[in-house]
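Below is one structure; the comments refer to it alone.
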2 protein chains.
Amino acid sequence: MSEQDASPTRRRGRGGSGARREARGRREITQFPYISRRIPLTEIMSEEGLATIEANADTILEEIGIDFRDDPEVLALWREAGADVKGERVHLPRGLARSILKTAPRTFIQRARNPERSVQIGGDATVFAPVYGPPFVRDLDQGRRYATIEDFRNFVKLAYMTPAMHHSGGTVCEPVDVPVNKRHLDMVHSHIRYSDKPFMGSVTAPERAADTVEMARMVFGAETVERDCVVMSLINANSPMVYDATMLGALKVYARANQATVISPFILAGAMGPVTVAGTLAQLLAEALAGMSVTQLARPGAPVVFGTFSSSISMQSGAPTFGTPEPTLVLVAAAQLARRIGVPFRSGGSLCASKLPDAQAAYESAHSLLPAVLGGVNFVLHAAGWLEGGLVSSYEKFVMDGDQIGMMQVLAGGVDLSDNGQALDAIREVGPGNHYLGCAHTQANFQTAFYRSSIADNNSFEQWDAEGGKDAYQRANALWKQMLADYEAPALDPGIDEGLRDFIAAKKESMPDAFA
Amino acid sequence: MSEQDASPTRRRGRGGSGARREARGRREITQFPYISRRIPLTEIMSEEGLATIEANADTILEEIGIDFRDDPEVLALWREAGADVKGERVHLPRGLARSILKTAPRTFIQRARNPERSVQIGGDATVFAPVYGPPFVRDLDQGRRYATIEDFRNFVKLAYMTPAMHHSGGTVCEPVDVPVNKRHLDMVHSHIRYSDKPFMGSVTAPERAADTVEMARMVFGAETVERDCVVMSLINANSPMVYDATMLGALKVYARANQATVISPFILAGAMGPVTVAGTLAQLLAEALAGMSVTQLARPGAPVVFGTFSSSISMQSGAPTFGTPEPTLVLVAAAQLARRIGVPFRSGGSLCASKLPDAQAAYESAHSLLPAVLGGVNFVLHAAGWLEGGLVSSYEKFVMDGDQIGMMQVLAGGVDLSDNGQALDAIREVGPGNHYLGCAHTQANFQTAFYRSSIADNNSFEQWDAEGGKDAYQRANALWKQMLADYEAPALDPGIDEGLRDFIAAKKESMPDAFA
């Protein structure tokens, strides 16, 4: 057998009558711990190149400055720290941000309510979290529609059921059927109630951030929350070079509660950043340095993550594009920049512009996810479920991506060089011209030898055809339904849940519904 | 605008009335030269790990040995070289193969009949070549069917029309409508007639290899062929640890004509190799060392490439799987091993097990192609068109993959750190809170700023829906038809073509048709 062999039957019958049909019934979930990488880092930029980007970021901070809007308190913090504040524009002397960031931890643990699910953020760790933010959902049966709290709970359950999904995430979709001023309560409660993995908090208003922290205290205890990170939250810069009051308000609440923030410039190059990779890198580094510094001014030592969401726009239509080479270069180089600062790094995910979970979606997603893993991203938001430029959470794509992140976990584990891994005795046993199908080493490693995909169809054409000729979209449709059918909620102390429900009810009663 | 922004309308209207609609008419082809990488290599194994693999390969060669079947001449060559030959089994003293391989060139040029299309094999170069070997083709209109010589010519034309496809390849599909003992003549002629990119020769019998060399002499001149590489050919080991007479016969013809061979162990781990990465690596290194050595014994200095085709089988069904993490680890580590020997390396491609060009196909292909590029593979066979484990050449997947390799070419080019690339003046011009859409730097770089996908739909949901809601498969169907409609053959000296046709006619008349 070789690439030369033209016989269409060459692969039929291998495995033969002894081959076992894959059991597709109820699965036992073995949850994976967060990834501790055992492969070297992929890097794309030289030390000299990185130094150039850093110098340019310092020039941006010093000469152009960053706007911190509608937040006099933050401007006062900057003045105290030695920045030159003109109106709302803050100019940072070269090196000031790096100096401020010396109090930020290189790595930290985000605790989950199940201690086995706690994750390390930073260092050699990589943590996968679901899609964040879409107002729509899509599935094969009902198509595209506004998301509801039921969808939200479903995605929390699917994340819980996905072994390599280490984190429950945050706004897995926007439950638009719940008033905008109250939905954060149901979202945080859903993460706590339907999962035992770590989760993210609300950032849409400072008081909603405060509610998140309060609910976390009810689960973990106030002392634990004061000491340890139990909530992580996403703070976006309003690129280029602006932070607004909403984000700054939430940032301060979390930092002062000793909770983690992910400070993420959100740059679509060509619109919110220059059309070049090196230009985008300098701008995002400047924005991240400025934003991360505010966390340390608010509370020195508060855990903070250097975040990057960077893609490009189509120069023809202005629409965002994903999975193209330029954002990959930005991602990998930004990870290098974060390591030089000495803070954890967030980027990547299974990003795509496609409207369907088709080949476009998969190519684009793979070209965002794999560079993130190889490049050493510590916190990979949007690791599963993202569709249509982030406007849609897709049920089918969630489980497709969930399969891919399982593969990434194996990849990051590197090569087993034990005697069993070297397998010299197997090679001796089999010898030239024979096969390994039944040899002792194969039998001993049968169960765990290779990653076993939950979505891929590797059968012969004839068998696949006889089974209905389904594509990956159709197979994924069956899988997520099976996962939801198999779902069992993790145990939660009834007293804690009751306390949370009372808190939510009281909060909801205290204000009228708002929908904008 | 940020990840927080839940408004479904947030992306509508960007680019506005000034945005240009993408012109989808007849394209001018700008062919890309082969890739000269400007990014660092991704590696996954330590020096210590590599040394362990090398020691194990030496143990395999010395202790277990390699079978060279039905070829007394090769056995005699091995005896002369100092190997211990017992029957057809050759045992190599430790270090013998490396010593023999010192005459192999580190890099070489394969000439194309158009000098602008000549490619470097080895070093910092990466060259993409099409799918090789499938007996079937598939397109959206007609489904799956046996390949014909018309399909063969179509794929040669599509490769010619794909800017980042640097090579015309070899058996882009098996033209089963032409007798098996004569089809190599039509295949080689098609590569010469319908493309001006470099190509691969026949290996299915020594006399067919000789025909290939003879036809190359008619195109390039006998002196050039004696001096330079003008044909590259694929020689598979019959893993585990066997070379057969057909492959050895072709190998000797090409090596003695100073033409390049790609010596490729073809290992589906679990069937033709151990179920572990380290075990597979040791076996494939041993097989490659032994096979490459034969080229140098036949003609010292003949160009030779370390090839690897490695994937796994499903332990449930025995079917080959692709895009899983274990073969990725094998690929990247094998590239490291080849660099230590000092020979060019072939692996990778857009491999998949899927029966359709769907999300499965794309995930799997991306997870084969991107590691090949990042890992520094020099010759990437199967870079486009591969479907169904290599049983099918897919028209739609060919153009999808052709788009992806264009992206890989940009990625491998790294980051532009010129003043224009750094774009500091653009950042100064725009400033906080504004946008880059119309700034001078964006306008100056408008045309070339970002890779422009030929397949991706980045439009809004509403526009995509209004245009028929097509998936990537449907869009690719339209694209390959357009490419074939736009195809114009490169000029070929009528005298050369006439000579080739006469040669082919005489050869065909000299023997009866054979179909097996």
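The values are calculated or read from the model by the stated rules, or taken from the named source; none is laboratory data. A quick note: this is a predicted structure, and the numbers were derived from the prediction, not measured. Neighbour counts are summed over all protein chains in view; Cβ atoms, including those assigned to glycine, are modelled from backbone coordinates with ideal geometry. These area figures cover heavy atoms from the full protein model, side chains too; ligands, DNA and RNA do not enter into them. Shrake-Rupley method; radii C 1.70, N 1.55, O 1.52, S 1.80 Å.
The table for this structure:
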{"read-out": "Calculated diffusion of the stretch A:171-224, Stokes-Einstein form, Kirkwood radius summed over Cα pairs, 4 °C and 1.567 mPa s, µm²/s", "value": "112"}
{"read-out": "Sorted peptide list for B:408-420, A:55-67, criterion being average Cβ within 10 angstrom, highest first", "value": "A:55-67, B:408-420"}
{"read-out": "Cβ-derived FRET efficiency at R0 56 Å, A:E429 paired with B:D425, nearest 0.05", "value": "0.25"}
{"read-out": "Förster-model FRET efficiency, 25 Å R0, B:M511 and B:A222, C-beta, rounded to 0.05", "value": "0.55"}
{"read-out": "Listing of the stretch A:274-288 residues, each with accessible area lower by at least 10 Å² in the full protein assembly than in the chain alone (probe 1.4 Å)", "value": "A:P274, A:V275, A:T276, A:V277, A:A278, A:G279, A:Q283"}
{"read-out": "Chain B - mean residue ellipticity at 222 nm from DSSP helices (-39,500 (n - 2.57) per run, n ≥ 4, rounded to 500)", "value": "-12500 deg cm²/dmol"}
{"read-out": "Exposure of A:T246 as accessible area (Å², to 10), given a probe of 1.4 Å and all protein chains", "value": "60"}
{"read-out": "1.4 Å probe accessible area per residue over the stretch A:342-444, in Å²", "value": "19"}
{"read-out": "Reachable lysines from A:K157, criterion Cα separation under 20 angstrom, eight or more residues apart if same chain", "value": "A:K197, A:K397, A:K481"}
{"read-out": "Accessible carbon and sulfur surface of the stretch A:256-369 relative to its total accessible area, %, 1.4 Å", "value": "58"}
{"read-out": "Alpha-carbon centroid distance for the pair the stretch B:360-425 / the stretch B:432-475, whole angstrom", "value": "20"}
{"read-out": "Area accessible to solvent at B:C229, 1.4 Å probe radius, in Å²", "value": "10"}
{"read-out": "Farthest positive-ward along the stretch A:268-362 dipole, Cα basis, beta-carbon charges - from A:S293, A:A335, A:L356", "value": "A:S293"}
{"read-out": "About the Cα centre, charge dipole magnitude for chain A (Lys/Arg +1, Asp/Glu -1 at Cβ), debye", "value": "560"}
{"read-out": "Buried solvent-accessible surface, both chains (A, B), 1.4 Å probe, Å² to nearest 100", "value": "12400"}
{"read-out": "Two-decimal ratio, chain B, of alpha-carbon radius of gyration to 2.2 N^0.38 Å", "value": "1.02"}
{"read-out": "Shape category assigned to the stretch B:268-338 from the gyration tensor of Cα positions, a/c cut at 1.5", "value": "prolate"}
{"read-out": "For chain A: relative contact order, % (alpha-carbon pairs under 8 angstrom, 6 or more apart)", "value": "18"}
{"read-out": "Cα-based convex hull, the stretch B:24-154, per residue volume (Å³, whole number)", "value": "263"}
{"read-out": "Solution diffusion estimate, µm²/s, Stokes-Einstein, the protein assembly as shown, Kirkwood Rh from C-alpha pairs, 10 °C, viscosity 1.306 mPa s", "value": "54"}
{"read-out": "Whichever lysines have a C-alpha closer than 20 Å to that of B:K508, once near sequence neighbours (fewer than 8 apart) are set aside", "value": "B:K182"}
{"read-out": "Packing-based order for A:460-471, A:188-199, B:474-485, using average beta carbon neighbours within 10 Å, highest first", "value": "A:188-199, B:474-485, A:460-471"}
